[in-house]
1. Under 19 Å between alpha carbons, and skipping anything fewer than 8 positions from Lys380 in its own chain: which aspartates and glutamates qualify?
2. Measure up Lys89/Lys419; Lys233/Lys283; Lys356/Lys419 against 21 Å on the Cα-Cα distance and list the ones that go over.
3. About the Cα centre of region 442-508, what is the dipole size in debye to 20, counting +1 per Lys and Arg Cβ and -1 per Asp and Glu Cβ, all else neutral?
4. Work out the charge dipole of region 2-507 with +1 on the Cβ of Lys and Arg and -1 on the Cβ of Asp and Glu about the Cα centre, then indicate which of Gly314, Leu157, Thr424 is farthest towards its positive end.
5. What value, in deg cm²/dmol to 500, does the helix sum -39500 (n - 2.57) over DSSP H runs of n ≥ 4 give at 222 nm once divided by the residues of the chain?
6. Pick out, from Phe376, Gln350, Asn392, the residue whose Cα sits farthest towards the positive end of the charge dipole of region 307-399, with +1 on the Cβ of Lys and Arg and -1 on the Cβ of Asp and Glu.
7. Tell me the net charge near Asp460. Cut-off is 15 Å between Cβ atoms, Asp460 excluded, with +1 for each Lys or Arg and -1 for each Asp or Glu.
8. Can you give the local net charge around Thr272? Use residues other than it whose beta-carbon is closer than 12 angstrom to its beta-carbon, Lys and Arg +1, Asp and Glu -1.
Amino acid sequence: MFRLLSGSALCAFVSIATPAYAQSASQSQTGSAQTDPTAQNVPAAGGAKAPESKSNGYPAEAEGYGATTGGYNISRWAEDWSKYKDPAKRDDFLDSLKYIPITDDVYLTLSGEARARVNFTSNQGLVETDAQRLDILRLVAGADLHLGEHVRVFGELANGTVDGVNTGAVAGTQRNDLFAQQIFVDIYGKVGNVDVGVRGGRQEFTDGISMLVSARDNNALMFTLDGVRAWAKGSKVRADVFDFNFVTFGTEGLSDDKTDGGTRFSGISLGTVLPTSLFGGSKLFFDPLLWRLRSRNQTWGGVRGREERIYYGGRLWGTVGPLTVDYTVTREEGDFAGRPIKAWQVFAAQTYRLGKESTAPRIGLRGDYGSGGDAFDPTKSLRTSFSPFGNNIYYTYGVFVGPINFLAAAPNLSFQPIKKVRVTAEYEFMWRSTDRDAVYRSNGTPYAGTQNVAGHHIGDAARLQAVWSISPRLSFTGRLEHVAAGDVLTRAGYHSSNFGAGWVSFRF
């Protein structure tokens, strides 16, 4: 069925959408930020909506474009500044850049970001070594051209620079002279009561729980893909079909950031609005998914080969009174170098608001599971889980581990000590699912030797984050973390680590 995910099939998907289907086409998710108290951006009700989603009647916080706060979104294409067509609603010069009229029905929106960040890490890679300091600068400039009611062209150029102490080999996602972060064309409209559209080009894709797919705002440059997606959205149900290739990041100009023909991600994400009468009053969504990730150069157990991994499962998320929930279960099947894949991932998070105000303290508990087993035994099925391109800071700020042969439980507390400042404290207990497999880094590579060590305890992580939302355009974030290596890591020769980060971000 995945051959249907070609570009021509995606266009056909848009053209054949019918009014009957319209009544069952809409959803979206803001990512795990809704229940992840350590996330940088917490979704707010309402906010700006993408132009193609106007008047579809779907809840604003669930449109699948990430969190929008004060009109701003991590993915800048998801913002709608058409209100500034009225000069009386503008407060300053920057507001005038959000709506530059060209003709009666053509206008341009300009955007930009400057983020200065410092990261400090002791025992980088959990190996005893001198501390590392990274001084990271992100600069982004974007333009969003609206050509009437059915066409838009969006583009972003980005620059990432890194300096510091013991920087080592820096990835292209942190250092890049010039990067075409996004450049795509949207064509959209209505078929009956259904909003439909197709997008082609380089783009961010965050339509799913952030532990599985994420723009990875932690980096200087966002995670982007090349390809096409199509959508159909009604008031209660929606569908999103996509076919992407990953992007290989260079470090110089535009010419060395290329489409990675060896890694392809395609599938369909669905979403439904559940009845508000459930549980005596609620706002819940259920999002099934069917995805395929193909890689020509995957490595497990020291063996490199072609992998095809199928994901199917679903996510239940939303609010029931003061309780916020986010539950996802995915089954992974497929083939790696002739071996069958049989893996699972489970993510469960919930927080409880201790008061009626939205700013009241919240207590929470999250649990995460990624199966593991037999990656180093080529005679058996591969039971090691793997996320397509998830948010790795969800597990440790220093991105030391990921949801691969992994089990974690993390109680947390989030509160607002003063106006515009949100503080979150969390303590995470981490184990590996089975000792028939290694402990894995967030990028999927094993900690050498851990597959030969008995035991389950990976370690513990104490984490603290403070976010000061100075204004909708300006914010400061600080993070502290101590990762205490458990018996599995220490027996294999690894050590504990301290991590600290702070950054100022200005956007317009």
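Any read-out appearing in this document is the output of simple, stated calculations on the displayed coordinates, not a laboratory observation. Predicted model only: the values in this text are computed from it and were never measured. Don't worry about glycine lacking a Cβ; one is built from the backbone with ideal geometry, like all the others, and counts go over all protein chains shown.
1. By straight Cα distance, Lys380 reaches Glu307, Glu308, Glu332, Glu333, Asp335, Asp435, Asp437.
2. Going by Cα-Cα distance, Lys89/Lys419 fall outside the 21 Å limit.
3. On the way: 5 positive and 3 negative charges, 69 e Å.
Here region 442-508 has a charge dipole of around 340 debye.
4. Gly314
5. -1000 deg cm²/dmol
6. The residue sitting most towards the positive pole is Gln350.
7. Details: positive: Arg366, Arg432, Arg463; negative: Asp368, Glu426, Glu428, Glu481, Asp487.
Net charge in that neighbourhood comes out at -2.
8. My count for the surroundings of Thr272 gives +3.
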